[in-house]
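Report on the structure given below.
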Amino acid sequence: MNNPLLKGRRHLRQKPGGMADIGSPPVGFWDREAKPGSALARLETAFHAGLEVYDTMQTRQREHAADGKLSPEGARHALRHDIFASAVPALHRQRQAIKSAKAHLEELKSKVKPPAPNKDEEVLRKEIREVMRSMPAKELDAFVTKNFDDPLLRAAVLEAPAWLSGISKSHRDIFFEQAVAAEHGEAIREINDLAHCIPLAERAVEAARSELQKESGLDGETFENLAAPIEQKQAAPWLKKQIIDGKEVVQTIRLDANGKTGTWQKATADEISTGIFASTHAEYETKRRA
């Protein structure tokens, strides 16, 4: 493994000496460089947290087993206490971070569209489509291939259904990707990174949670029933982006002692990683319960 960006491991559990236990769930390697404070960076935190939480519980399990004062059943109960006191809340926070990243990804996708065509060239674009539609298929393919980088041709094709220009769907898709990349290159890169890394972070967190459920000695339903009230207390903070002194600042509302009123204050890195962005409280509640 020579790539310095690669972090993580092939499987969740490691044998003494660091060898992968192939009988445990696959995880994979983190292979993206994340900008500090970005959604990708928060995903990377979630990925590593999943592994670290599981490793910590493995250490605790060995410590309990080595404690001469505990019976095997006592050691299991001690581990179970550690799982619900520490691992369940920690993994829930990372689940929320992943959920927030998914919402951010969908928001980015909704904003990525080709640039609006120039109205002054509307007649010219129509004529281009008419010429293209009149070409034999082989000639049209050659023409399109030769002129893929022409922004005028691209605009002519994209502002109308494919049949109006005679172009194939695959060629039209390429034009669409080029137009979007030219207009939203940075957003496209972020979308690709998030789409790649969300499953990776989710795999690490969910594998850790699933294996800890098994190691707790509880069946799935009982584990979930015990985890639910703990996770509910880990309420994701409500986040908003505000412009303060000309700069965008992420804020969260901090409640007063009465629990009913509060003030908007700058969010911490941890709150941003686990919070939910919403413009209204109704939107926040909808997203929180989704």
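Assorted remarks:
- Under the combined filter of DSSP loop state and at most 12 neighbouring Cβ atoms within 10 Å, the range 3-83 retains none of its chymotrypsin sites (Phe, Trp or Tyr not before Pro).
- For the range 188-290, applying the loop criterion from DSSP together with a ceiling of 12 other beta carbons within 10 Å to the trypsin sites (Lys or Arg not before Pro) yields Lys260.
- Separation between Cα centres of the range 1-51 and the range 162-227, rounded to whole Å: 17
- Rounded if a/c under 1.5, otherwise prolate or oblate - the range 48-88, Cα gyration tensor axes: oblate
- Gyration tensor (alpha-carbon) shape descriptor, the range 119-183, a/c threshold 1.5: oblate
- Taken over the Cα atoms of the chain, the convex hull encloses 218 Å³ per residue.
- Its convex hull of Cα atoms gives the range 138-285 a direction-averaged projected area, equal to a quarter of the hull surface, of 16.1 nm².
- Report summary: the helix-based calculation at 222 nm, which adds -39500 (n - 2.57) for every DSSP H run with n ≥ 4 and divides by the residues of the chain, gives -19000 deg cm²/dmol.
- Equivalent ellipsoid semi-axes, the range 73-168, via Cα gyration tensor eigenvalues times 5, rooted, Å: 58, 16, 9
- When the listed pairs Lys99/Lys266; Lys113/Lys266; Lys111/Lys266; Lys113/Lys240; Lys15/Lys99 are checked against a 23 Å cut-off, the alpha-carbon distance exceeds it for Lys113/Lys266; Lys111/Lys266; Lys113/Lys240; Lys15/Lys99.
- Loop-located trypsin sites (Lys or Arg not before Pro) in the range 2-78 (DSSP state other than H, G, I, E, B) with a sparse environment of at most 10 neighbouring Cβ atoms within 10 Å: Lys69.
- The magnitude of the dipole of the chain, with charges of +1 and -1 set on the Cβ of Lys/Arg and Asp/Glu and taken from the Cα centre, is near 380 debye.
Each reported figure results from applying straightforward, stated rules to the coordinates on display, with no laboratory input. Everything numeric in this text was worked out from a predicted model, so none of it was measured. Cβ atoms come from the backbone with ideal geometry, glycine included; neighbour counts cover every protein chain shown.
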